[in-house]
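Values in this text are rule-based calculations from the coordinates and carry no lab data. The model shown is predicted, which means the values in this text are computed figures rather than measured ones.
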Amino acid sequence: MNISAPTEQVMPLSGEDDQGRPVLCVVAKRTYRLDVRPGSSSPAPCLVAEEQLPLHTLEVDPADPETVLQDADIYPVKPLTDVIVRGHAYAPGRATQMGASVSVGKSTKVLAIIGDRRCSLSATGQILFSPPTAFEKVPLLYNRAYGGVDKVAEANFGNPYAQILPYVSDHLKGSRHSPYRYPRNGVGRGYLIEPSADALEALMLPNIEDPEDLLSPGRLAVGSTRRWPHMPLPWGTDWLSLACFPRIGFLGGTTDYEPFQGDFPEVRRGFIPQGYPRRGTQNEMWHDRARNAGSLGLQLGPFTTQTIGDLEFRLANLHPRQPQLSFRLPKGGPRIMVDGRNGKLVPTEPVLHHIVIEPDLDRVSVLWRGSAPAVRRYTLEELLAMPLLVSW
């Protein structure tokens with residue numbers, strides 16, 4: 001199948017590489033259907049789907065713009081490959097707590113899935129967690145991970161942003177604009193400044209946690225809004241919002257924090273580069289990793305057509321009918337050529353921008369990018385007139 005002009009799944013883009021040099025890119029999207037056979041231990045065949053999903057711009061939940069429904073497909077550059085899993089964690093029968101995982105080759109991310117819990121204050125002033133309730137499935141959304149807004153503290157002390165919210169666009173409104181919002185995840189559960197009885201009663205605890213850094217009664221209350229770096233990392237598999245650290249840190253927008261000894265947890269665990277967060281000029285603060293929207297631990301690679309066919313994707317307790325599911329993408333990937341001017345096409349080495357796995361739908365979509373040096377940036381009108389070639 002050869003594509004020689006822009007379509008709903010193929011688009012030329014103009015941008016700059018990590019050295020600021022102009023590049024001409026073509027992105028190409030393909031959707032697959034997983035032929036899942038319950039009870040089979042073999043990788044599920046990955047077949048070209050009848051319905052091919054179109055390229056997307058950024059799409060957020062209108063009711064809560066910090067919840068990303070679909071990150072943009074039209075970035076000309078992404079340093080790493082984002083692996084996104086959207087759907088639910090499924091208990092075998094019913095459970096109060098269990099593990100789930102996403103594996104890509106030798107990399108594995110494990111999630112602790114925990115039933116609903118509440119908090120209370122004992123007669124002696126100790127914070128107590130209730131036992132988790134039983135569940136059959138838990139949505140893989142960041143509103144179920146650690147984070148959120150301490151609304152009791154906000155009500156008691158006031159939100160200084162409230163005075164300007166009537167004057168900003170609808171896209172920027174919402175309770176997430178608050179000094180009592182967890183900078184790593186403003187839509188989650190469990191973020192608490194002071195453990196008063198009314199604050200504990202109003203608090204919901206996360207259903208998805210990092211098994212290496214579980215929330216506990218002893219560390220529940222952060223004490224000060226500037227101590228947020230000490231708190232657990234929000235754990236998930238969905239898209240990360242650009243409004244959340246570390247993505248916003250790559251733009252220089254890190255929320256204020258008290259002096260922090262050593263590296264941030266994201267740096268120590270290898271999730272972000274050394275030296276972040278940092279201050280400086282716009283160029284000094286900027287990093288192309290702002291374009292990567294995968295969860296921590298699921299920004300990998302980058303994968304190319306030479307390596308993707310050798311990778312096995314494995315999901316544990318994340319499929320509605322198959323507790324252990326694995327698959328491989330078809331080997332080779334696309335051939336992508338961009339305009340080299342003067343009637344010539346230039347070959348590229350395609351790189352995988354992201355792979356979106358939707359186990360509930362037995363669907364996988366992938367986005368490839370091919371790029372080559374350009375003499376300058378091009379307008380959209382120029383791009384749409386340029387020749388290209390995508391061959392599957």
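Report ³J(HN,Hα) in whole Hz for each residue of the stretch 143-154, in order, from the Karplus equation J = 6.51 cos²θ - 1.76 cosθ + 1.60 where θ = phi - 60°; Gly and Pro get x.
Here the 3J(HN,Hα) series is 6, 9, 9, 5, x, x, 10, 7, 6, 5, 4, 5 Hz.
Mind jotting down the distance between the C-alpha centroids of the stretch 192-251 and the stretch 119-159, whole Å?
10
For Glu16, enumerate residues with amide H under 5 Å from its amide H, sequence gap 5+ or separate chain, H modeled in the peptide plane.
Val23
Just to check I understand the Karplus step: with θ = phi - 60° and J = 6.51 cos²θ - 1.76 cosθ + 1.60, what whole-Hz values come out for the stretch 379-392, glycine and proline as x?
7, 4, 4, 5, 4, 5, 8, 7, x, 7, 8, 10, 10, 9
Which value, in Å³ per residue, describes the convex hull spanned by the Cα atoms of the stretch 216-285?
On the way: hull volume 8.1 nm³, N = 70.
Convex hull volume per residue, Cα atoms: 115 Å³.
Determine ³J(HN,Hα), in whole Hz, for all residues of the stretch 320-331 in sequence, where each value follows from phi through the Karplus function 6.51 cos²θ - 1.76 cosθ + 1.60 and θ = phi - 60°; x replaces Gly and Pro.
x, 10, 10, x, 10, 10, 9, 7, 10, 6, x, 5
Could you work out the percent of alpha carbon pairs in the stretch 169-265 separated by over 23 Å, rounded to a whole number?
Details: 1159 of 4656 pairs.
Of all Cα-Cα pairs in the stretch 169-265, 25 percent lie more than 23 Å apart.
Cα-based Rg of the chain per 2.2 N^0.38 Å, rounded to two decimals?
Values: Rg = 22.4 Å, N = 392, 2.2 N^0.38 = 21.3 Å.
The chain yields a ratio of 1.05.
In this model, which of Lys106/Lys331; Lys109/Lys151; Lys78/Lys106 are farther than 24 Å apart at the alpha-carbon? Can you show the working numbers first?
Numbers: Lys106/Lys331 18 Å; Lys109/Lys151 31 Å; Lys78/Lys106 22 Å.
In this structure, Lys109/Lys151 lie more than 24 Å apart at Cα.
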